[in-house]
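J.: Have a look at the structure that comes next, please.
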Amino acid sequence: ATPAVDPPPDVADRAVPLSSGSFAEVSPGGEPPVEDVPISVEDVPIEEDLVPGELASAPRDGAPPPRVKAEPSGGAAGTAEDRFFFGAPVAAAAQSARAASAPGKAPAQPSRAPAPAPAPAAPAPDSLPLPALADQALDQDPAVSAQARGALSDRRRDPAMRQASEKLRRALLSGLSGRATRAAHALGAVRDVEAIPLLIQVLEMSEPDTASAAADALAAITLQRLGPDARKWLAWWKQNRGRGRAEWLFSGLTSADRDTRVAASTELSHAAPPPEPYSADAPAAERERVARAWAGWWARSGHVL
């Protein structure tokens with residue numbers, strides 16, 4: 001039996017006691033109830049879409065599922081009027097259903113595995129050993145190869161450059177066209193004087209692309225513009241191999257070719273600024289005077305390339 005519940009204040013004046021201890025609401029006209037029938041959960045129809053399915057569909061001694069006329073509303077156990085008309089269990093269950101579907105309360109999401117840590121960044125070229133940079137200069141990826149050549153050029157005065165240069169010379173004579181071409185570009189970038197005889201040899205026996213790369217490397221090292229003709233380079237080498245590379249550059253300061261003058265002054269200035277300003281566009285006599293003064297100061301100061 002459902003325990004007796006006091007009617008809410010707002011309906012107390014409209015309720016009359018029943019024999020079971022429950023109350024029935026009197027219509028506004030004051031008509032008494034026809035019969036004294038207690039109101040309980042079993043006797044009240046339940047709307048299946050307004051309360052949890054377990055309550056709406058639970059069989060009661062073969063009777064059809066109960067239904068409710070309206071959904072209770074209120075606090076954790078429903079309002080006083082809910083409890084009066086529907087009974088405390090139904091009011092509490094309805095409140096639980098409302099809380100579960102309240103806006104802003106999303107269902108709990110399943111836990112996800114943490115995202116994998118990002119791969120470590122590749123080391124900067126400047127931090128790599130020079131032999132490792134030489135390997136990258138031979139890489140088939142043009143971007144990787146070009147970046148490594150630039151790093152090798154910046155560090156070409158490093159005492160450890162010899163090991164890298166030896167690796168590049170072996171690649172130059174590997175017989176593999178692409179590898180030899182990349183090696184020639186790298187040897188030009190590091191201004192490897194010892195590679196000059198090998199580069200001249202490549203001019204005579206390699207494919208056009210490799211021969212062109214070898215000619216470019218020879219021009220970068222010597223500041224001479226002799227093209228891919230191996231005989232011209234061989235003749236020049238016989239006449240100038242006894243001179244140091246600094247002398248080749250000082251000769252370039254007075255060259256008739258402006259690009260050669262600019263390249264020579266730029267590289268010499270990076271090694272040691274001139275004692276007086278030099279301009280590649282100055283008159284020939286002025287260029288020769290400044291070039292002689294610069295070369296004499298260089299020799300007395302002990303600078304090397």
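J.: Which ³J(HN,Hα) values in Hz, rounded to whole numbers, follow from the phi angles of the stretch 271-286 under the Karplus curve 6.51 cos²θ - 1.76 cosθ + 1.60, where θ = phi - 60° and Gly and Pro get x?
T.: 6, 6, x, x, x, 9, x, 10, 10, 5, 9, 6, x, 4, 5, 5
J.: At a 1.4 Å probe radius, carbon and sulfur cover how many percent of the accessible area of the stretch 132-182?
T.: Its accessible area is 47 percent carbon and sulfur atoms.
J.: Using +1 at the C-beta of Lys and Arg and -1 at the C-beta of Asp and Glu, which of Ala235, Thr266, Ala246 has the Cα lying farthest in the positive direction of the dipole of the stretch 233-272?
T.: Ala235
J.: Nothing charged except the Cβ atoms of Lys and Arg (+1) and of Asp and Glu (-1): what's the magnitude of the dipole of the stretch 217-305 about its Cα centre? Round to the nearest 20 debye.
T.: 400 debye
J.: Quick one: with all protein chains in place, what share of the accessible area of the stretch 190-305 is carbon or sulfur, to the nearest percent (1.4 Å probe)?
T.: Roughly 51 percent of what the probe reaches on the stretch 190-305 is carbon or sulfur.
J.: Under a Cβ-Cβ cut-off of 10 Å, what is the net charge of the residues other than Ala217 that fall near it, where Lys and Arg count +1 and Asp and Glu count -1?
T.: Cβ neighbours under 10 Å give a net charge of -1.
J.: What net charge do the residues around Glu267 carry, taking every other residue with its C-beta under 10 Å from that of Glu267, with Lys and Arg at +1 and Asp and Glu at -1?
T.: Surrounding charge for Glu267 is +2.
J.: Also: Tell me, what HN-Hα J-couplings in whole Hz come from the Karplus equation 6.51 cos²θ - 1.76 cosθ + 1.60 at θ = phi - 60° for each residue of the stretch 170-185, using x for Gly and Pro?
T.: 5, 5, 4, 9, 6, x, 8, 4, x, 5, 5, 4, 5, 5, 4, 4
J.: Nearest 20 debye, what's the magnitude of the dipole of the stretch 146-279 about its Cα centre given +1 on Lys and Arg Cβ and -1 on Asp and Glu Cβ?
T.: 300 debye
The values are calculated or read from the model by the stated rules, or taken from the named source; none is laboratory data. Keep in mind it's a predicted model, so treat the numbers as computed, not measured. As a convention, Cβ positions derive from the backbone with ideal geometry for all residues, glycine included, and neighbour counts pool all protein chains shown. We work out accessible area using only protein heavy atoms, side chains counted, and drop any ligands, DNA or RNA first. Shrake-Rupley method; radii C 1.70, N 1.55, O 1.52, S 1.80 Å.
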